[in-house]
Structure formats: C-alpha cells, structure tokens
Amino acid sequence: MTQTQSAPPATWSPPAQQPVPPTAQQPGSTPARGPVARWFEGTPGRMRAFLILTAVMSVVFGLSAAQGFRQADGALTRAEANAAQLVRIQAIHTNLVSANADATNAFLVGGLEPPDQRRHFVDSLAGAARLIAEAATAQPADTAALGALNQTLITYDGLIEQARANNRQGLPIGSQYLRDANAVLQNDSLPLVKALVQANEERVDTEFDGIGQGNLWVVIAGLLTLVVFFVTLRWLARRTHRYVNVPIAAGAVLVLLTMVVGGVALSSASSKADETRSGAYDRTLALSRARIAAYDAKSNESLTLIARGSGDAFDKAYNASAAAVVEQLGKLNEAGLRSQWNAYDQMHKEVRSQDTKGDWDEAVALAVGRTNGANSVAAFTAFDTSSGDRLQATSGEVSTSLTDARDGLPPIGWLGLPIGIAAALLVAWGMSQRLEEYR
Amino acid sequence: MKKLLTPAVISLALLLTACGSGDYAATEIPQKPQPSESSAPPPAPQRDCVDPLQSYTPEGTMPPPGAMPPGTYMAKIKARGRLIAGVSADSLNLGSRNPVTGVIEGFDIDMIKAVARAIFGTDKGTVELRVISSPQRIPVLQKEQVDIVARNMTINCNRWKDIAFSAEYYRSGQKTLVPLDSTAKSLDDLDGKTICAPAGSTSLDNLKDKNPQAIPVTADTDTGCLALFQSGKAYGITGDDTVLAGDVAQDPYARVLPERFSDEPYGLGMSLKHPEFVRFVNQVLAQIKADGTWMASYTKWLQPALGKLASPPPSLYGRTPGT
C-alpha cells in the first residue's frame, strides 16, 4: 500500500500479494486463522473487506453486463438464423406441395403433360432438394430430420417417374404409381416437414424471448452492485466523517452509467426485435402458411376430380385449405393477394359446378387450364407469383431489421469486463486513501 | 457482509453456466403410425341361399327408350338426365381410364352404356361414371350414391343380403399371377409367399381358403396389387382372370397360372330398394346377350387375353324381392 492520493491505482497490488500465506499452508501453527483474521481486524480490516467486496462486485457487474449483451446479441443472431431456417423449411414445404399439385394435376391430363407444368414440377423438386442441403448445413439439429426427408423425396420422385413412364405407354398402372407417390408425400414427407417447422418456430420463439432476458443480467447485476457501492460509501462516510469518497463514488457512477446505457440499448434492441416479431416475422409466417394451404387446395381440387364423384373427402379438404388461406391472408393487409385468391376460388367453384352437373370433361379442362380464357391454372398462377414475391420481400425484411437491431447495440459485450475492472480499481484507489490514514 | 457476498457468488455461478448457447435438441422425427397388422376378420361364413345367380324375373315387355313407366326408378333416372354408375378406373379391359384419351372404357363400362341406351336412347352424355374402390362397392349402393355398380363384382349369397344383383353378365374365375421365372404350377406351390388381393374382395377370401400358408397382402384396388408386385412387396397376385389378364398386359414379366380355382359370376349391383330397376336391367342384359352386342363387347375387350367364348352366360331368374 504505497500509493499516494494523486497516483493512479495502476500498480495497486491485490491483497493476495500481501505477505500473508494462506492458513492451509501452515498446518499446526498457533491460532489457525490468525493472520487472515488479523488482516480483517478493526477498522482497516473492515475497510479491506469492503474493498474486496466492492471490487469483486464491480468485476461481477462487468462480467454480467458483458454476458447480458452477448446473450442479447447471440439471441438476435440466432433468432435471425432460425427465422431464416424456418423460411427455408417452409420453402421446402411449399416446393413439395407445389410439385405435388403439378403431379396430381398431370394425373388428369395423363401421358401428355403440359411442358410448363413438367418444368415447374422439376424446378420445385430441385428447389426442395437444394434447400434441404442448405438447411442441414444451417441448423445441425435439423440434420437427422432433413436426412429422413431426403429419403422420402427419393422414393417420391421415383414413384412419380414410374408413373410418368407408364402413363406415357398408356398403361393404367401409371395412375396407381401417382397415387402411391401422393401417399408417400402425404404420409411420410409432410409429417417430417411439419415437425421441422414446429421445432424451428419454437427455436425462433425461444430466441425472441432471450433477447429481453439479456437486459436482466445488466439490470440485476447493476442494481446489486450499486447497493454494495452505496453501503460501502455510507459506511465510509460514517467511519471517516467525510461525506463522499470521490473515486469510489466515481466507480458507482461508472456502474450506473453502464447500467443505464446498456439497459436502454438492450430494451430498444429488444423492442425492435419484438416489432419485427409481430410485424415482418408474423407476416412471413402468414404468407408461407397461406401459400402452403393454397397449394394444398389446388391439389385437392385435382384429387376431387380424379376421384370422379367419390371425392367428397377431398372437396372437404379443399374447403379446409381454402379457409386456411383466407384466415392467413386476413392477417395481412394485402387486398391484391386477397382478390387474386378470390378469383381462383371463384374458378374452383366453377370447376365444382361443372363436375356436379355431370360435365366432368369440362371441369377437368378448366382445372388443367386447357380452356381458352379464364381457367383454374391461370388464376392460381397469378396468386402463386405475387404471393411468392411478397414472401421474399417480407422474409428479407425480417433478416434486415434483426441485423439492424444487432448493429445498434453498443459494444458492451467486450467492454463490460474492462468497465468492471476500472470500477474495481477506482474502489481500490478510493479505499487505499483511507487505509493510508491507518499506517 | 456475507449476506451480500452470497448473491454475488450466485450470479457468478450463473455467469459460468450462462444459458442461451444456441445448442438445440435435434428435431424429433415423427414416428410413423405402424399399420395395424390386423389380418382382417375371418370371412363371414357363406350364407346359404337359393341359387345366388337367380335374379328377379323381368315383368312385361321392356319399355322403349325415353318412355320409362312413371313412378319407377328408371323414370327418376330419366328425369335426372344421367345414369350414375360406380366403376373401376384401373382394371384394364374391364373398366380403366385410357391415359391417352382420359376416357374410362372396358367391358364393364359397355354394360353400363347398354343400360343407359335402354333408358335414354343414347349413351352420349347420359352416363356419369364414379370411380370407386373395391371395398366401396356395397356401401355406395346402400347409401344410394350411385344407381348401379359395374365393377367386376361377384354374385354371392352374402352380398344378396345387402344389395341386389342383376342376372349374371360374365363368368370369371380366380387365377394366380406369378413372376415369369416362377416354377409354381398352382397356388398350392406358393406357401410362405406374399400374395396380393384387393381388400374386401372375394378373391381375398378364396385365397385364405385355398392356401392358408400363403401370406395375404392387400391393396385398395387391383392395380394397387400390380404396383406391389412390381415393387417386390408381393410375390404374386390372385384375382379374377379378367383382372389378371389386364395386369399381364401391363407387365411382360408376369404370367398367369392356368389353374382356375373358383367360379366368379359377375353381376351388376343395385340397391335392394328398387326391384323394378333390377328387373329392367335384367331385360337389358337379356337383350344384349341375344342381339350380339354382348359378344361384340367381349370380342373387343376380353377375347384377346381370355380366348373365344361360345356364348354369354345364361340369365337365371326366379328370385322374389325380400328373399
């Protein structure tokens, strides 16, 4: 303890360097806790104790603040990554149901598949395969499920190609393979996709919740540290009859400032994230769900026609899917999409009315887009294209706004510990001034 | 002071075990519901009845097309404008959708067209075909969702309880389809092999009777069996010779064993509630059997695979409604 009042506390040595060997190294020596107890004896001893406590608390605060920021920063990064993964999984889902909508529709036209539809099918399946590889890299926890999904897709595509080959030869068994392929997709692939969607939605939710929790670290550790500072200052004021110990008070102010700045920054990041969650993220989810339900509806339209009169179950499934589309679109303020969907739904009603009237051929012509003028395929494609564009825009918005929130955070993540050490040094400096008086 | 130290230590401990690391539990792979391995209930014992091939006797002369007697079910169909028939869309040559034209065609379909012609005078635009699966045949008639079923349906006493049959319109028999390289000569040689038959069909019951050592596999349709056969999930298929002929036509690596171990008389299924319609259909069948329409249809669809036939099966009558 050789510092003077004016010297900075840079070379202050911690109490551990006092020539006081720990008791454990002196077994059998008289009074076992002697030196340590003596060191904390009387007023200077109390001062040392307060010094240690306050300094340790300062460092703990620094670490906590750093932890809080790292947690919030990590949660933001992970929320963004998981939201991106969710969008990816939903894109896989969309690709699969869209491919299946093409396949079931092709069932109605037999061996003569429209080339556009075939290309769309191949693109959708290729897109799904590429996204599965991407998604497996992005989230290791999904790898096993994605691997299983990949397996089902190989089976699915194999059956589809078998169906095409048979259809092309005019053999009725082609339709059986198409039915089997549809069953693989419905019973094997989609349950996996749904499990993936659910797992990733949960992860996004966890991380969005975690962003706010980062603040707890800063605020709780900050308040606790301020209490310790306050108790120390009050005790010192009473003992030494000086109102304020300036360096210790400066340490307290440093802690307070860090807490306030950090708390405000974290709250604003967290509220920005909440805004994204209830804004762009929710819109992304709603759009994805609407698109998936829409493809399901289109598939069910074809399946109802394929079943030729015994398709009540598929017609009910269409109505359920269409209701889901309307519900999801209702969450969005997208009049354009809404009217495009209504246009398709109107076409679907036309298909149904032709079929119930007994004119199956006309119903099929409408459903596969073989008629001139308005038909079900054209109406659906319009909805598909614009909803796809909207989805791309909103999912981009999610990732941009989460990145913005992250970039807005002050660098307390790595400044936290230096701040805590600085506060501890201020405490040591301040306390050493008083300890000097007992030399 | 110690009171203050404790929370500090706790928060330090919390720091070290900081949560939110981003390590997630692996996404759970949903368990597939195991298909219940319930071998369907044993076939109901064949009920004895008077000759099942006996249908209701036609009454009076046949009304000319377009002039159905008022109050009859035919008049109702006429008023509706179309005859609704439950058919198969995947039994080649009986009732199958031609993938090129999209039209459902075959021997069964020709029977329906004959009935439609007798009611409306034409079969163009007066027939609505509903595709049904094998197990759906009886329920759709009981619920009156279709007027008539022409889907290679065997006439038997058990079914007479639930629905009415026309007179026999074709005499089929059950055979077995095996891979081209199989050495089996009859179903008895297929112990321990998986043999497919459509669920709810008489073929399935016959298979269990004829060779209990074979492992039955079921599909919803006849073509479903062919798909299982082609993917190796079924070693063979058992079914009516008409259906198997269609299967062989689609798969050159299959052959049908010559052994024919049952008689499967086909009848058109109708609801028990309209005996006058059954009588009318019997008149139609008698007419087409007599005037060569039946034989022309047989020659077109079935003769290439099943060979020449001297004459259509005779129509037997004598049953009274309610028995």
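Report yes if some residue within the range A:49-66 is closer than 30 Å to A:A138 by Cβ, modelled with pLDDT of 90 or more and buried (at least 22 other Cβ atoms within 10 Å of the Cβ); otherwise report no.
Within the range A:49-66, the first condition is being closer than 30 Å to A:A138 by Cβ, and the residues that meet it are A:66.
Next cut, modelled with pLDDT of 90 or more only: A:66.
Narrowing further to those that are buried (at least 22 other Cβ atoms within 10 Å of the Cβ): A:66.
Scanning the range A:49-66, I find at least one residue that is closer than 30 Å to A:A138 by Cβ, modelled with pLDDT of 90 or more and buried (at least 22 other Cβ atoms within 10 Å of the Cβ), so the answer is yes.
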Exercise for review: Taking A:Y243 as meeting all but one of (1) outside any helix (DSSP H, G or I); (2) within 14 Å of another protein chain (Cβ to nearest Cβ), write down the number of the exception.
Suggested key: (2)
**Study point:** Matching residues, the range B:115-126, being under 21 Å from the mean Cα position of the chain (by Cα) and surrounded by fewer than 24 Cβ atoms within 10 Å (Cβ to Cβ)
**Key:** none
Revision key, fill the gap. Here the residues within the range A:149-172 that are touching a Gly at 6+ places or on another chain (Cβ under 9 Å) and more than 15 Å from A:R118 (Cα to Cα) are A:N166, A:Q169, A:G170, A:P172
**Study point:** Identity of the residue in the range A:306-327, within 14 Å of another protein chain (Cβ to nearest Cβ), part of a helix (DSSP H, G or I) and not hydrophobic (A, V, I, L, M, F, W, C), that ends up farthest from A:L285 (Cα to Cα)
**Key:** A:D312
Check your understanding: So which residues in the range A:177-191 are touching a residue at least 40 places away in the same chain (Cβ under 8 Å), surrounded by fewer than 24 Cβ atoms within 10 Å (Cβ to Cβ) and either more than 19 Å from A:G311 (Cβ to Cβ) or of a type in the set (V, I, T) (or both)?
Key -> A:L190
Check your understanding: Taking interchain pairs and intrachain pairs at least six residues apart, which have beta carbon atoms under 6 angstrom, with the first residue in the range B:291-320 and modelled with pLDDT under 90 and the second of a type in the set (S, T, N, Q)?
Key -> B:G318/B:Q54; B:R319/B:Q54; B:R319/B:S55
**Study point:** Residue list for the range B:113-134, restricted to those being free of Cβ contacts under 8 Å to residues at least 40 places away in the same chain and within 13 Å of chain A (Cβ to nearest Cβ)
**Key:** B:A116, B:K124
Revision key, fill the gap. Condition set of a type outside the set (D, E) and out of contact with any Asp or Glu (no Cβ under 8 Å at 6 or more places or on another chain), scope the range A:358-370, selection farthest from the other protein chains (Cβ to nearest Cβ): answer is A:G369
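Okay, residues lined up against (1) in contact (Cβ under 8 Å) with a residue 40 or more places away in the chain; (2) buried (at least 19 other Cβ atoms within 10 Å of the Cβ):
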residue: B:K143; (1), (2): no, no
residue: B:N158; (1), (2): yes, no
residue: B:F165; (1), (2): yes, yes
residue: B:S172; (1), (2): yes, yes
residue: B:D181; (1), (2): no, no
residue: B:A184; (1), (2): yes, no
Review point. How about the range B:89-110: which of its residues are in contact (Cβ under 8 Å) with a residue 60 or more places away in the chain and within 7 Å of chain A (Cβ to nearest Cβ)?
Key: B:D90, B:L92, B:S96
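Okay, residues lined up against (1) within 14 Å of another protein chain (Cβ to nearest Cβ); (2) out of contact with any strand residue (DSSP E or B) (no Cβ under 8 Å at 6 or more places or on another chain); (3) within 30 Å of B:T293 (Cβ to Cβ):
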| position | (1), (2), (3) |
| --- | --- |
| B:Y170 | no, no, yes |
| B:G173 | no, no, yes |
| B:T176 | no, no, no |
| B:S182 | no, no, no |
| B:S186 | no, no, no |
| B:G200 | no, yes, no |
| B:D205 | no, yes, no |
| B:K208 | no, no, no |
| B:P216 | no, no, no |
Exercise for review: Please work out if B:G267 is crowded, with 24+ Cβ neighbours inside 10 Å and touching a Leu at 6+ places or on another chain (Cβ under 7 Å).
Suggested key: no
Check your understanding: Inside the range B:227-260, can you point out the residues that are farther than 23 Å from B:D188 by Cβ, buried (at least 21 other Cβ atoms within 10 Å of the Cβ) and without any contact (Cβ under 8 Å) to a residue 60 or more places away in the chain?
Key -> B:A227
Review point. When you scan the range A:403-412, how many residues do you find that are in a helix (DSSP H, G or I) and over 16 Å from A:S267 (Cβ atoms)?
Key: 2
Exercise for review: Return the residue satisfying two criteria in turn: it lies in the range A:308-344 and is surrounded by 20 or more Cβ atoms within 10 Å (Cβ to Cβ) and under 30 Å from B:R82 (Cα atoms), and of such residues it is modelled with the lowest pLDDT.
Suggested key: A:G309
Practice item. Could you please tell me which pairs satisfy a Cβ distance under 9 Å, a separation of 6+ or placement on different chains, a first residue in the range A:33-51 that is more than 12 Å from chain B (Cβ to nearest Cβ) and free of Cβ contacts under 8 Å to residues at least 40 places away in the same chain, and a second residue that is among the hydroxyl-bearing types (S, T, Y) and surrounded by 13 or more Cβ atoms within 10 Å (Cβ to Cβ)? Key: A:R33/A:T23; A:G34/A:T23; A:P35/A:T23; A:V36/A:T23
Point to revise | Matching entry among A:G210, A:G174, A:G170 (being within 7 Å of chain B (Cβ to nearest Cβ) and surrounded by 24 or more Cβ atoms within 10 Å (Cβ to Cβ)) | key: A:G174
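The values are calculated or read from the model by the stated rules, or taken from the named source; none is laboratory data. Quick caveat, the model's predicted, so the values are computed rather than measured. Neighbour counts run over all protein chains shown; Cβ positions are idealised from the backbone, glycine included.
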